[in-house]
Structure formats: C-alpha cells, structure tokens
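Scroll down for the structure; my scribbles are underneath it.
Derivation of every value follows stated rules applied to the coordinates shown; laboratory data play no part. Computed from a predicted model, the values in this text were never measured in an experiment. When we count neighbours, we look across all protein chains shown, and the Cβ atoms used for this are built from the backbone with ideal geometry, even at glycine.
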Amino acid sequence: MMEATVAITKSQNKKTKPDPETLQFGKTFTDHMFTMEYTHEKGWIQPEIKPYAPVEIDPAAMVFHYSQSVFEGLKAYKDASGDVVLFRPEENFKRLNRSNKRLSIPPINEQLALDYLKQLLELEKDWIPTAEGTSLYIRPFVIATEPSLQVAPAHHYKFFIILSPVGSYYPEGIHPVSIMVEDHFTRAARGGTGTAKTGGNYSAGYNAQAKASSEGHAQVLWLDGVEKKYVEEVGSMNVFFKIDGEVITPELNDSILQGVTRKSVIELLHHWEIPVTERKITMQEVFDAHKAGKLEEAFGSGTAAVISPIGELTWNEETMIVNGRDTGEVTKALYQTLTRIQTGKQEDPFGWITKVSS
Ligand SMILES: *Cc1c(COP(=O)(O)O)cnc(C)c1O
C-alpha cells in the first residue's frame, strides 16, 4: 500500500458556517480543498490540501474548449456517536475511473483518492451538518488543464475535491413529484457518453428541464436516444417502477448512468425478497400497467435526493397519477432504510459504511 502523503496548508481565516436551516444545494463551500496535478511525464503528483480559493487556469486550457472533464458526487455524514462516515465511497472512485476512461483521462489510484478524501474530511469535519436530512456533499472532479486548441486528449490535468454542506432535500418531508416524459430531446445516445459523469451530459439537458419546469413539472423522464421508446432515467436519477408486485428498473447500457443508489436499492430489495428485475421497459408498458391499475409505485434514486417518489407522469398530453400521489410503501421503506444506514441510525448489514475518523 502506497503512502498517501499530502502537503497540508491550513486556512488562516476560517469562514462562518452557514445556518443549517437555510442551506441550499451546492452554494457554500468549506475552508479547504484537495488538489493534485497530472503531467504526461510524471503521472499524478503534488497531492495538496490547501485553503479553498479560486484557481488560475490558462484560457486555452482544453477543458474550456472540448469539455474534457468528469465528476463524482457523494456525501459524508456524522453518525450518532459523532464519527464521520461515507456511503460506499469506493463505488464512486471506481466510477470516476470508468468516466475517466470514457473521456480519455488517465486513471487515478482509487485507494489513494479515498485516503486523500478522508484526510480532507478529517480537517473539515466541523462543516458536516447534523440536522435531519443534511450532509456534507463531496464533489471530486478532473479537468484538462493543458493550454492547447488541438482536438486530442490533454497531457495535463487537475483533480480537485471540494466540499459543500447541503440542506435537506425534503424540508417539508418526502413528497411525490410531477414528471414530464421528454419526447423530443434525448439525454444520451447509444455509444455516447451517457454512462459517464461528464459535464456536457448535463448542460445538454437544461432546455428540456426548462420546458418541463414551465409546464409545472419537477423533472424530465428521459427515453432512449434511438427510438424514444424505452425508459432510461429521470432527471439526474435512475428510475424504478413497481408493477403488479414486481419492481422494474431499466437494465444498464451505455446511455444510462450506473447509480450507486440504484445498486443499493436493488441489493436492499433482494435482501427483503421483493422481486426486482433489471430489463428494458417501454413507456408504453408503464402506461398500459397504469391503465390496468397495476402501476403501484414509481420513484427515482440518486445521491442528492436518495429516493424521490413520483406522483404523476405526463406523456403525450396524458397524465398518469401514481398511487393517488402518495409515497408508496416500498418507496418509503427504501428512503427510510437508506437514510438510516447512511447516518448510522440503523445497522448496516451490507458493509456499505466507511468510517473516516474514530
Ligand atoms: C449521478 C447520477 C445518477 C445517480 O447516481 P448515484 O450514484 O446514485 O448518485 C443517476 N443519473 C445520472 C444522470 C447521474 O448523473
């Protein structure tokens, strides 16, 4: 095992911590950040923890021109005894490397990256909010920094980890949302980058999201990029439907993001012996199930919301109301169990929790 030695420079003027009541998503950042450089000659070098501050980057840095970048998202919590814990962080660093590979970015040592993150969290643990539903959101990301306008992979990169205390996704309690099925724009193409967490995938979805918002919907449900027939994802979440006692989620392909929450939901359902199937599912099948009275529950899964119940789905001018716009039983049990395991309020029989400090 390599030594994860990091040069640490502590901040001399600490910020005032935000009021946990008014926290928004990703608007406030902590006192320190982690950075590391990559050069073609030396590989990943210079791991540093230093005061959070703007960085100077050449305007020709390749990330600005051809979007060679990837990111991750996970959360740190404090458990009942005040210990800092992470939920399945090794999955996020594995996925970071899968995204790196897709974007022709050199891989990062996953164990070292986790160790660097732990050292950063050790220094920033007072920033972890503890009110119900709050957490410290962790954003690792890589950008191409080489100044060059050549359309080719860069020779220089920078890896960052920044931290942001985030408020509860459900300040008024978990409630089902309205979803619009997008039938014009698509999120990802077959053979494209949909399965990578890379910036361009998200900005390309803004116009569909704006359309959905203007019609009173919270999120977009994305269909496949070829036939616009098969369900793929909802917003930045994976999606599940409970139909006639069976939970169904679209099987993974190269246009679906492989969510850590998705994986955990499937494992929990197996553990509870609730039938769960990963397969292709068309929007028509969901619609027909609803007509036959068999669409029992629908929800999205992702780190930010954990579980987001779907109360209604609008597709081609028709609206399906799911479970009378109430949160379904399985949806609720998944939300409660996942959040309780994440915050140490419930035993973790799966080995999902990693302790940062003791
Ligand atoms: C990050 C993300 C998800 C959810 O992944 P988690 O690991 O569960 O947070 C789902 N879909 C998209 C498009 C995403 O970017």
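A few remarks follow.
- By the count of other C-beta atoms within 10 Å, a proxy for reagent exposure, Arg325, Arg262, Arg102 are ordered fewest to most as Arg325, Arg102, Arg262.
- On the principal axes of its alpha carbon atoms, the chain extends 62, 52, 38 Å, with the longest extent given first.
- Compactness index (Cα Rg / 2.2 N^0.38 Å), the stretch 269-311: 1.34
- Cross-link pairs Lys14/Lys50; Lys14/Lys355; Lys263/Lys332; Lys10/Lys118; Lys78/Lys242; Lys101/Lys263 - those with Cα-Cα distance over 23 Å: Lys14/Lys355; Lys78/Lys242
- The overall shape of the stretch 271-358, judged from the alpha-carbon gyration tensor, is prolate: a/c is not under 1.5, and a/b is greater than b/c.
- Across the stretch 222-228, computed HN-Hα scalar couplings (Karplus, 6.51 cos²θ - 1.76 cosθ + 1.60, θ = phi - 60°) run 8, 9, 5, x, 9, 9, 6 Hz from first to last residue, x flagging Gly and Pro.
- Rg over Rh, two decimals, the stretch 177-342 (C-alpha only, Kirkwood Rh): 0.93
- Charge tally in the Cβ shell below 11 Å around Leu257, where Lys, Arg are +1 and Asp, Glu are -1, Leu257 excluded: +2
- Length-normalised contact order for the stretch 7-166 - Cα pairs under 8 Å, 6+ apart - percent: 34
- Residue exposure sequence - His155, His175, His217 - by fewest surrounding Cβ within 10 Å: His175, His155, His217
- Size of charge dipole - the stretch 29-154 - debye, nearest 20, with Cβ of Lys, Arg +1 and Asp, Glu -1, no other charges: 480
- Shape call, the stretch 107-163: gyration tensor on alpha carbons, a/c limit 1.5: prolate
- Taking the alpha carbon gyration tensor of the stretch 60-162, multiplying each eigenvalue by 5 and rooting it gives semi-axes of 31, 13, 11 Å, largest first.
- Shape call, the stretch 47-104: gyration tensor on alpha carbons, a/c limit 1.5: oblate
- Counting beta carbons within 10 Å around each of Thr134, Thr337 and listing the fewest first gives the order Thr337, Thr134.
- Length-normalised contact order of the chain in % [C-alpha pairs under 8 Å, at least 6 apart]: 18
- Packing-based ranking, highest mean first, of 21-31, 346-356 given that Cβ atoms within 10 Å are counted: 21-31, 346-356
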